[in-house]
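See below for the structure under consideration.
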Amino acid sequence: VLNYLLSDVEYPDAPTLLLPVSGHVDTLMSSDDNIDFSWSNSDLEGENTFFILEDPEVIRPIFTHNTLHEVSTQLSYDTLLSIFGFVDNKELFWGAYTKVDGEVSISDLNSFEITLMNQLSVDENVHIPDKYHLSNAYPNPFNPRTSFALSIPLMSYVNVKVYDLMGREVAIIAQNNYEPGTYTISWDGTFKDNSLATSGVYLLIAEMGEKLFSKKLILMK
């Protein structure tokens, strides 16, 4: 009887993923950047839901979006940043499922990698510096945002983080390769888990090439 009942269930056709293809790699640098996702669905009456997984073996989405009858969606830099923070070559998996009359069919999964960079802006009117340098913070004390200048004479890997006085890493501001130039960098007083920093003293540590710099920051609320 059970087999008969199951055989009588009509499942919708599973969506077919289109873009991005599996193995896609993308770098998002500012709020103007985004990633487009699209799939096909032969069941026009079905409701579609887009989802992202961190582990393909565990169907536990970390992000879902019901697109109704649409077969595409877009994730912005700001949305991804709110979920993951600044990441470097983070592998994720995306898919979609269709629901019709309570029955669900799930697509295969496509993998993709993202790098979310801090929104550093280069001052193109300044000549290429002849040495590495991290300027003083301004304003300092600050609330809620403070800014610095990074001088980079050579193509370099830049790693800028914020630590509390216990030596714990609380924020990642920049973590990528940068061309020679002078950049403006800022910290908005947000921890890497997206919580707001409390008043106190913090240390900004900047690694550029083989040089290491530090500055004291004072957040006053």
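The values are calculated or read from the model by the stated rules, or taken from the named source; none is laboratory data. Keep in mind the model is a prediction, meaning the values are calculated, not measured. So basically every Cβ, Gly included, is an ideal-geometry build from the backbone, and we count neighbours across all protein chains shown.
Some points to look at:
- Considering residues of the stretch 60-82 that are in a loop (DSSP other than H, G, I, E, B) and without any contact (Cβ under 8 Å) to a residue 24 or more places away in the chain only, the residue farthest from the chain's Cα centre (by Cα): E70
- Check on I35, part of a loop (DSSP other than H, G, I, E, B) and among the β-branched types (V, I, T): no
- Extreme residue, farthest from L212 (Cα to Cα), among residues of the stretch 126-165 that are basic (K, R) and within 25 Å of the chain's Cα centre (by Cα): R145
- Selected residue (only one of E207, E113 is acidic (D, E), over 18 Å from the mean Cα position of the chain (by Cα) and either not in a loop (DSSP other than H, G, I, E, B) or not assigned by TED's automatic domain parsing to the domain that holds S22 (or both)): E207
- Qualifying residues in the stretch 58-92 (those that are closer than 13 Å to L28 by Cα and of a type in the set (A, V, I, L, M)) - the one modelled with the highest pLDDT: L75
Residues checked against (1) in contact (Cβ under 8 Å) with a residue 60 or more places away in the chain; (2) more than 14 Å from N143 (Cα to Cα):
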| position | (1), (2) |
| --- | --- |
| E169 | no, yes |
| S199 | no, no |
| L212 | no, yes |
| K215 | yes, yes |
| M220 | yes, no |
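- Summed over the stretch 19-32, residues that are modelled with pLDDT of 85 or more and either loosely packed, with under 14 Cβ neighbours inside 10 Å or part of a loop (DSSP other than H, G, I, E, B) (or both) total 6.
- Number of the exception - G95 against (1) of a type outside the set (V, I, T); (2) under 24 Å from W187 (Cβ atoms); (3) modelled with pLDDT of 85 or more: (2)
- Condition met for D108 (more than 22 Å from Y77 (Cα to Cα), of a type in the set (D, E) and assigned to a loop (DSSP other than H, G, I, E, B)): yes
- Lone unmet requirement of (1) over 26 Å from F84 (Cβ atoms); (2) at pLDDT 90 or above for A206: (1)
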